[in-house]
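Quick notes on the structure that follows.
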Amino acid sequence: MLFRSLVTTDLEIVEFESPRRLVSRSIGRIKSTTTWALEPVDGGTKVTFVGDYALPLAIRLVGDRAVEQLVGGQVRQSLVNLRSIFALDAPII
């Protein structure tokens, strides 16, 4: 994908409340604050992701839909990685 070669960023963990919450901030061309919240539910864990992004003009011109697909793909991959780390059988929805 085009974005993968154009966009790099550094993440800083700015808040961590084990095992319930992680907040990170990115610096570089894309500025963002993202929050992962983990909540115990019957039979598993509910994972909530919230991201707030400030995109440079060149990326905004590509279109919101393309950026949404990129970020959505990264979030889905992160969920797959979490499931693998914890050897969980729960579906990713």
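The values are calculated or read from the model by the stated rules, or taken from the named source; none is laboratory data. Keep in mind the model is a prediction, meaning the values are calculated, not measured. Methodologically, a virtual Cβ is constructed for each residue, glycine included, from the backbone with ideal geometry; neighbour enumeration extends over all protein chains shown. Side chains included, ligands, DNA and RNA excluded: accessible areas come from the protein's heavy atoms. Shrake-Rupley method; radii C 1.70, N 1.55, O 1.52, S 1.80 Å.
Some observations on this one:
- Verdict on T9 being open to solvent by 40 Å² or more (accessible area, probe 1.4 Å) and either modelled with pLDDT of 85 or more or of a type outside the set (D, E, K, R) (or both): yes
- Residues that are open to solvent by less than 90 Å² (accessible area, probe 1.4 Å), in contact with an Asp or Glu (Cβ under 8 Å, 6 or more places away or on another chain) and within 19 Å of V75 (Cα to Cα) within region 21-34 comprise R21, L22, V23, S24, S26, S32, T33, T34, listed in sequence order.
- Whichever residue in region 65-93 is exposed (fewer than 10 other Cβ atoms within 10 Å of the Cβ) and either among the β-branched types (V, I, T) or part of a helix (DSSP H, G or I) (or both) and, among such residues, is modelled with the lowest pLDDT: I93
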